[in-house]
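To start, the structure itself, in structure tokens.
The values are calculated or read from the model by the stated rules, or taken from the named source; none is laboratory data. Bear in mind the structure is a predicted one, so any value in this text is a computation, not a measurement. For neighbour counting, all protein chains shown are included, and Cβ atoms are generated from backbone atoms with ideal geometry for every residue, glycine included.
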Amino acid sequence: MVDWNDPYILNLSIRAYTLMAHVAAGAYFWEYLVTIKFDWDVLRRARKLTTGTVLYMACRYSGLFVVCLTIALANAFHDLGCKPLVDLQWSSVGFANCIAAGLLYLRVSALSDGRRIIVWGLGLVYAATWAITIWGTYKAIGPAEYIPELYMCASTRGHVTAHNIANIAQFVFDLLCLGAMLWILVRMHRGGTSSLLRFLVQQGVMYFVVILVAYVLDITFSSLGFNEAITLTPSVFRELVTFIASTRMQRGLIEYLENRPVVVSSGATAVVFNRSTTVHTAVEQDSGPAKDPWHYDQSGLGLGDMKRHDTNGDMSV
């Protein structure tokens, strides 16, 4: 049987954790650079400031802070005063994960068209997730020391159980969001099975699935009793997936809302405008009040429902 706390095994485990941290940092930095124009548009107010954009920016830059701090602790060429920095790392990870979960909550709330059972039900679970994450972060913080042989600051005896409980709480919340989203989308769709699968992918269901798979991997490793380095290595992958998937989904939603078509009707003619261009087309429709074919109900969350009332119930983001 392998002794996971053997010095040689522990040394290899820490090196594996360090390698994963650098790979994850490279992937996140690349994602950040190729999408930085969106952030710049938000900062210079070229995009409307809503709850969604605020949470997006909070998730984006708290994730960036976590990545930079992790790399700094994994490349400490002298003792930086490890204990407060490791404590800050644990705290910032918990905060960033909860903000990312908030983006998933906004996505489901936007789709629900203000259904109270979904908005309030998931809202209460989200508040409980925050409370459990704060408790788990506080309990997971343990002693930390500088390891000169590896040039890194590391936690030496954290409470893995508390860390695991916080992960399970976030996993359960994300799973409930996915379940609610699937229920809404299946009821909304009126096409065949093949178009349903395409429809679900268009709506960002795959982002939820990828995040949940990353959580399952993290929770599994945390429960198997390895040393702390092996236990935390999947956490790096899970954080990377969570930050990128949640921000990509929110960014796609914001861009869609800014470019959805608008219909202005007068008599038998309707003019369809696109929000991002001056191009418009005239179409015939029955007389009556103007209707936007993309029903958009602006909510207090800063997001809204985007349901296209057509024959197959398709709705793309």
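Annotations
- Condition met for Gly267 (within 18 Å of the chain's Cα centre (by Cα) and either at pLDDT below 50 or not assigned by TED's automatic domain parsing to the domain that holds Asp39 (or both)): no
- Meets criteria (under 20 Å from Trp90 (Cβ atoms) and assigned by TED's automatic domain parsing to the domain that holds Phe95) for Ala154: yes
- Cβ pairs under 9 Å, 6+ apart, first in the range 69-93 and closer than 18 Å to Val23 by Cα, second in a helix (DSSP H, G or I) and among the aromatic types (Phe, Trp, Tyr): Ala74/Tyr17
- A single member of Gly204, Gly225 is surrounded by fewer than 17 Cβ atoms within 10 Å (Cβ to Cβ) and of a type in the set (Gly, Ala, Ser), and it is Gly225.
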